[in-house]
Structure formats: structure tokens, C-alpha cells
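Notes follow the structure.
The values are calculated or read from the model by the stated rules, or taken from the named source; none is laboratory data. Source: prediction; values computed, not measured. Here Cβ is always computed from backbone atoms with ideal geometry, including for glycine, and neighbour counts include all displayed protein chains.
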Amino acid sequence: MIDRYDKFIEGISFFKKECMYYYSDRFHKILLEMNQYRDVGAQILIFAKQNSKILDDITLIDIDDKDDSVTFIQVNRLSRIKESENEGSSNLVGWIFNKWSKSYIDLDFDGWKVQRTSIGIGRFLTRVAEKSKNKISDSEKEEFVNLYKSRFKILKNSDDYFEICQGDDIKKWYLESNYSINKGQLSSSCMRYEKCQDYFDIYTMNPDVCRLLILYGEDRSKIIGRSIIWKLNSTDEKYYMDRIYTNLDSDIKVFENYANKNGWMLYNNIMSKGEKIEVKVNNIDYMKYPYMDTLYLYNPSIGILSNDIAICKTTNKEGWYRIQSVEGKYESMSELKWSNYHDRYISIEDSVWCVDIDDWVGFNHAIYLEYKDEYVSDDCDVTYSDYDNLYYYDDDVVYSDCFRFFIYRPLAVKVFVNDSDHIDFIPVSEMDKYSRVVTTLAKEDGEKSEKRYLIS
């Protein structure tokens, strides 16, 4: 079907030598990054690439050496390349697509390298907008060009936009007023507020082992990403890049590339492999602390930061803090309980003992059974009753087809439906209104039991 469609397109465009827009991987990535800003121009270019009905006599669009232009090749030149490879003149469109699909990442096809022409990025946008019948204002075009130039510079020269800072500068770059845009993980960080500025002493007072890597945007008074860099307590002076916070998800890769070039350990690798690390800081009780993503265990008496929970079990547990509060607080490990359910220590104040698993569980993951006066985990087989708005074990309730809710067994009455042997249940409180006694049966002990029918 694809081959037939290619031949159809070829048939209507052969003499014009037109085809779809195909982009290099690096040009497409810039557009996707710009699209995260909801840029109108980027959206038009992405749409044009995805639409097989938008044809032009230029294609294989790639970035240029300059930040305000892109390069392309004319389709008729691609036709001559095709003929030089003894491929004939038929199905040009399919041939171009095949070449693009194999080369748009590594650019190992002559169409990316020879007989190419430059065009201003603004002019290219205007051209594509006209081809795709999209309207774009002069102001939207200007915003597109400026944003493209910014992302281009960072892509081509990312190292020039990085800076490592220490001391009080760390506090500065945590403050949200110094972020480029209100977007992404960076702008949702819990440590971005003015009220958090006095939480960072453990960073600022340990410049030998703790620094902050920041990534500037085009405006070098603002940042678009940050990550704490730790010098690990090891014999081979290893460094660790902690969790990365950026405005754009694509810039996480820019940080990781920078770390790899410097031989630093990465957050994702540490977390996925469960690798244990520690940092030696000044042994000070800092009173207030930032939320720590990785090195969340701290012993002020020995000045050790760690992510190894086992260390609390082999040393004095009371000497360790857990520093994972958004309010600058810490919790003494002696005030915590180990939970197999959560696979971590949890606060005693925020947890309950669940009888179904014999374990401490966070309050938000526990269910209270009032009739038993006990808690169970949210994995337990329990049922909510709309009759009395309480939870019960599944085996302790029956379902009422008549009332369409579950009833605790001692609060339910068995009835027979429509003079048949089909059984239903109704609440005791509704017995007189919804049932009638048919037969009084005598039991062997002399007591009587009632056979009731549901009132239709």
C-alpha cells in the first residue's frame, strides 16, 4: 500500500520533482524542544513534516553552521544523485524516503552533504506556512526565530552554557525568580521558594564536596537547569551528579552528556542499580535541611551523608537523621519504623500497624475497620458498604440486589424473592417495610424462625 501511495505521489509530482519535508534528527529535536514552549512556528514545521500531502521541491532539512539558517537540498538534485547510483528515474519519492529513513540520524547519505543550499530559518518557516496553509503573525515568527537561535546555540555549544558554582551562589540558583521559564521539573521543585533559602547550609558550607552545576538559557541571568555535584567519600575521588532539574526534558540528556564527559556517576544509574554511596561533610547539626533526593541519611556526629539504609541498622540508629522534608525539617531515625510494605523507614506519626500483613504502613495506604477496631493495608480484600459507610472484610458482607449495596451480615436479613427459592438480603432496619412473613418454622429446640418473602 505504501509503495502504491508513493507511486501516486510520484505520478502527480514527478515533473515538479516534489516530495515531503524530511528533517534531520538534530533539527527535529530542536523543534520538539521548542514545541514544549508551545511555539507556533515549531508546531507548523512539525505538522508539515508529518503531513504527506504537503509537497515542496526542497527537502532533507538540516541545521546550518549559523544559528539563523537551515540547509536543504533540491529534489531535482536528489533525482540526479539517484540516477548516478543507477537507480533509474522511477519512484523517486519512495527512494528519497528510503534514504532518509536510514540516514536522518547519522547523516551518512550524500543528500545531507553535497549540493546543499542555505535559507534563513524565518524564510523557511514562511515558506512552509504558505505550503501548509497556516497563518503566522510577524510577532510569532520573531518569537520562533529567537527561540530557535537560543536552542541552536545550546545544542551546538552546550558546554559554554554550563557553570559550576558553590557557596551562597547555590542558594541563588535554587530561587525560582532565577529560572528562565515556569515549566518542567525545575519550576515544580519543592526547594524553589524564598522560604527555603535558609535550608541549604549543608550545601553552602561544604564547598570541597558539594557544588551546583547550572545550565544557562540564552539569557545568562537565568537558568534552565541545575544539579548538585557531590565528591564521594572514596579512595578514587569519584563524583556523582544528583537528580537533574530542567525546564525542558530534553536538557536532561545535555546534563547527562556533560557528566559522562567528566566521568561522573549519574542519578538514574545509582537509583536503578541500588548502588550505595556516601559523602563526608563537616560534622555540624545544620538545624534546617533541603529535601535530599539521594543522600537522604545524615549523621551529624560523624558528618556522613549516605543512601544506604543498612548503615542505620549497623550503627547507632539514634544518631542518624532522615532529611526528606519540604519544610526544612529532619526526622530522627529512632522516630521511624521500618516498613517491608514500603521497603523503607516511615514515620511513626504517619503510620499504623496493619494486621493483615503484620507490618507498619503509611496512613494513606491503610484502611480502618471500625467493627474490628483494626487497620489493614489497601491490598487487603475488604468491601465498602454504602449502607453504613464503613469497610468490612469481604467474607463479612452480603450483597443486596434490592438495595444495590453490601451489608454487614449481622445487619442483614435473608429473604426469598417473588415467592421463589431465589435468595436476597435486605437491611434489618428495612425488614418490616420490604418483607412479609410467610411461614413460621419451629426449630428442634422449640424456638421459631421466620421465612420471609421480599415485597415486590
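From the list Cys190, Cys196, pick out the single residue that is at pLDDT 90 or above and part of a loop (DSSP other than H, G, I, E, B).
Details: Cys196 fails: part of a loop (DSSP other than H, G, I, E, B).
Answer to the check: Cys190.
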| Total residues in region 66-103, condition assigned to a loop (DSSP other than H, G, I, E, B) and out of contact with any strand residue (DSSP E or B) (no Cβ under 7 Å at 6 or more places or on another chain) | 9
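Across region 415-456, which residue is modelled with the highest pLDDT among those that are of a type in the set (A, V, I, L, M, F, W, C) and over 60 Å from the mean Cα position of the chain (by Cα)? Outline the logic, then answer.
Taking region 415-456 and keeping what is of a type in the set (A, V, I, L, M, F, W, C), we get 415-417, 423, 425-426, 428, 431, 437-438, 441-442, 454-455.
Right, trim to over 60 Å from the mean Cα position of the chain (by Cα) and you get 437-438, 441-442.
On the way: Val437: 77, Val438: 72, Leu441: 57, Ala442: 51.
Checking each candidate, the answer is Val437.
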| request: Would you mention how many residues in region 56-69 are crowded, with 19+ Cβ neighbours inside 10 Å and under 21 Å from Lys17 (Cα atoms)? | output: 6
| query | What number of residues within region 241-264 are of a type outside the set (Phe, Trp, Tyr), crowded, with 18+ Cβ neighbours inside 10 Å and more than 15 Å from the chain's Cα centre (by Cα)? | reply | 5
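What tally of residues in region 109-138 results from selecting those that are in a helix (DSSP H, G or I) and farther than 15 Å from Ile63 by Cα? Working first, answer last.
The initial filter retains those residues of region 109-138 that are in a helix (DSSP H, G or I), namely 110-112, 121-131, 138.
Subset that is farther than 15 Å from Ile63 by Cα: 110, 126-131, 138.
Matching residues across region 109-138 total 8.
Considering only strands (runs of 3 or more DSSP E) fully contained in region 269-322, which possess at least 2 residues that are under 15 Å from Tyr240 (Cβ atoms) and modelled with pLDDT of 90 or more?
Details: elements: 278-280, 297-299, 304-306.
Those strands (runs of 3 or more DSSP E) span 278-280, 304-306.
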| message | Let me spell it out: the conditions are (1) over 30 Å from Leu213 (Cβ atoms); (2) in a loop (DSSP other than H, G, I, E, B), and Asp106 meets all of them except one. Which number is the exception? | response | (1)
| message | Let me confirm something: among Ile164, Ile202, Ile121, Ile170, which residue is among the hydrophobic types (A, V, I, L, M, F, W, C), exposed (fewer than 14 other Cβ atoms within 10 Å of the Cβ) and at pLDDT 95 or above? | response | Ile164
| said: Among the residues that make up region 139-149, is at least one of them in contact with a strand residue (DSSP E or B) (Cβ under 7 Å, 6 or more places away or on another chain) and surrounded by 15 or more Cβ atoms within 10 Å (Cβ to Cβ)? | reply: no
